[in-house]
1. Just add up the charged neighbours of residue B:407: K/R +1, D/E -1, any other residue whose Cβ is under 15 Å from the Cβ of residue B:407.
2. Please list, in chain and number order, the residues 5+ apart from residue A:162 or on another chain whose amide H is under 5 Å from its amide H, with Hs placed from the backbone.
3. What does the copy distance list look like for residue A:268, label position 7 Å along Cα→Cβ, in nm and ordered from shortest?
4. Near the amide H of residue A:374, under 5 Å away, which other amide H atoms are found, from residues 5 or more places off or on another chain, if H is placed in the peptide plane?
5. Dividing the convex hull volume of the Cα atoms of chain B by its residue count, what figure in Å³ per residue is obtained?
6. Using Cα centres only, tell me the gap between the range A:329-370 and the range A:17-62 in whole Å.
7. Distance check, please: which entries in A:398/B:179; B:57/B:439; B:182/B:420; A:179/B:420; A:393/A:452; A:57/A:452 exceed 23 angstrom between their Cα atoms?
8. Let me have the 222 nm mean residue ellipticity of chain A computed from DSSP H runs of 4+ only, each contributing -39500 (n - 2.57), with the sum over all residues rounded to the nearest 500.
Number of protein chains: 2
Amino acid sequence: MTHDAALAALSALLGERLSTGRADLALHGQNETYYPDTPPEAVAYPETTPEVSEIVKICAARGCPVTAYGAASSLEGQHLAIRGGISLDMGRMNRVLAVNAEDMNAVVQPGLTRTALNEELRATGLFFSVDPGADASMGGMAATRASGTTAVRYGTMRENVLALEAVMADGTIVRTGTKARKSSTGYDLTHLLVGSEGTLGIITELTVRLHGIPEAVAAATCRFDTVEDAVNCVILTIQSGLPMARIELLDEMMVKGFNRYADAGLPEKPHLFLEFHGTPAGVAEQMESFRTIAEDFGAEAFATATRPEDRTALWAMRHKAHYASAALGGGKHLWPTDVCVPISHLAEAVVEAQEAAAEMGLTCTIVGHVGDGNFHAGLSIDPTDAGEMARAKAYTDKLAQTALRLGGTVSGEHGIGIGKQAQMAGEHGQALAFMRRIKTAFDPGGILNPGKLLPDDA
Amino acid sequence: MTHDAALAALSALLGERLSTGRADLALHGQNETYYPDTPPEAVAYPETTPEVSEIVKICAARGCPVTAYGAASSLEGQHLAIRGGISLDMGRMNRVLAVNAEDMNAVVQPGLTRTALNEELRATGLFFSVDPGADASMGGMAATRASGTTAVRYGTMRENVLALEAVMADGTIVRTGTKARKSSTGYDLTHLLVGSEGTLGIITELTVRLHGIPEAVAAATCRFDTVEDAVNCVILTIQSGLPMARIELLDEMMVKGFNRYADAGLPEKPHLFLEFHGTPAGVAEQMESFRTIAEDFGAEAFATATRPEDRTALWAMRHKAHYASAALGGGKHLWPTDVCVPISHLAEAVVEAQEAAAEMGLTCTIVGHVGDGNFHAGLSIDPTDAGEMARAKAYTDKLAQTALRLGGTVSGEHGIGIGKQAQMAGEHGQALAFMRRIKTAFDPGGILNPGKLLPDDA
């Protein structure tokens, strides 16, 4: 099914800002993971919220799917127009509209990337904390409820989005939330839209929390003999109430990946990468407390980095986990998956994840935001090898089942998108029907990112 | 309209646990504020979740309203069965089902009060942080998105509810969320139910976050010449990133109330009541930093309380603000209202609130969780004085308009209930229609707490 009537009307509205160029379509059909290329029928480039509203109205009247597109860094294909229609590229709505330093918030457009926001904040002493690794767009991060390395201290997008403006499926422009830090007035539409993957509304503006840049920052690394030792050290650290700013696990395979991809020169043992934020005295105290815990678990080679350039290098390497994991398979593609479990079950989950990969003959790295109980398994795969693809799928399903058995969730931060719809019933049971009711109530024509998040039979 | 058919069926199900005794009805029709007594037609005392489901099914089939009842400490009449039907008293579902100390969460039933939970946690080194003053029930606190004195550090119910079990309007039992600290799997039904005031589902179980009891705790008080000085001190403290555990403003009228009600013996000037949590060194550092800021705003009589009994006495007094405010009017009733604004506008909002009360001839205290930008105005009123009641209503509306003008919300923590429905359109605009869509999709028969939160014309 094509949507020529909608495209004609959109072309009249947008002129050259409705693109059907082959290269543009191809670009908007790509993704970072294993989903097949899926070019949309056209790409629309809105510049204002009223324009987004007009676009959605045109599409609603003609049954044309609208799939929002940010930085294309989503990992479950959320930005792919798999049912046709238009890719709504928010890239031209990329301004910082206001920085309210005194209230520690910023108002931004959805196409702005997180690093561009932090660039703009440089002179303020404030920063935007959510750091999923990729230079994702703010709208995409909200839509997928992104988190990342600093969520253990500063929260995920759930905690850092105060208010939204969104265009709903009938073109209505709504505002949710306020600039106050809390509210008890009615249904929490902000948190309903955060994580809805563009299926309930198109985010056109965000008010996000900012945090003060800490007076002192120190990073550190250490290594352990076994992944259980590393994870048990994390568990005790969190339980002790140490306000870790980052606490990341890299298993031995991940370290091997960094050595191969980035010449990291690290012994191929499980490592923790850490960051401490606070006053100078506070950071020193935290580091000492952590070190005492870590040494009880046999940690070796505790090394600190207080110079900004050394810390930056450390986290830049960490953020290349995606490519370093892929590199392990000799330049193959990566199938990334993530789960999140209660921290008391983290060691069990990680060990099961490693063992399952070995049993299934898959090359797999484990890297994770373990302070939250969240970790990623990165499978190095060849998309043309049907057998390997089937095993990767089976592995992903198995890991999801493990997470549910341990009281966790089938995704801590990647979301559902295309890839995990089959897990929704297992995680949500009867609640899934109420999610469907919301979708039907908000988007009766099913034009917003169809085919994502909710399984068709939900 | 009465609901005799429903009551007969409920009586068959519950036996003596469906009460129509006059005293019981009268008790369930009372409230702490100015709403007229509104006895329900009957009171049901469920003991299990399946029983709640059966009750709701019976009521749904017969169009009988169901209004959940916790500790009756809500301040906007949320627990009153104003459209008749039953009061669903959750008081017998008051157990702690599990304390997962290693994951820092607890699973509790909705009728449990927050102080009973903290009693049970005594031996664990953990505590449940949300402290609205009243000994509210956990279910009620979630339903009204309660917060209180410690929200500035530990968050409100929004941040502290991980997962819920709820009975929906058709009797379906759903589970939302997991025991993992974060998730990206589908629509956030947990946050949709938190703050829904019993209009979307009946909460039958909660998984809540716990926090480690800090190694060191110190409380402090100080006073200022003007309320602007006090508030500006708060603003700078928050902007400086000091991790305040509590930072409460009491204006001169509130102090007068404490002097009269509790012989507090405090000079009748604006005060801040503070609490610092951390390591011993951290607390000392925080107190010194605060003191430096406070002295710049002319703070006097900085006094600290590190002994637990002194701290307890201080916060016990603070928690009597409701009654101390009422006492100012010579034993009259209290009309409490609250708003929340961006902290940069807090001084302006507080001064306007004081001036408006004076202009309107109302006796009013201001007390607030000012670190969040949230404050309460407590009007001492005589419900039999129609003129005073009209002025109190006008004052409340004016304060809500002030909050909206300053980018805030018409309630930071009391909610909408009966009293603030007229403000919903002003705060939410077009979004209100989407709240109504959710209500209609979840509760098409309108049996769950009808007449609350959403205005009838929304």
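1. -2
2. A:207, A:208, A:209
3. 7.9
4. A:341, A:369
5. 145
6. About 34 Å separates the Cα centre of the range A:329-370 from the one of the range A:17-62.
7. B:182/B:420
8. For chain A, the value works out to -11000 deg cm²/dmol.
A short reminder: the numbers here are calculations on the coordinates, not readings from a lab. Everything numeric here is computed off the predicted structure, so don't read it as measured data. With ideal geometry, Cβ positions are generated from the backbone for all residues, glycine too; neighbour counts draw on all protein chains shown.
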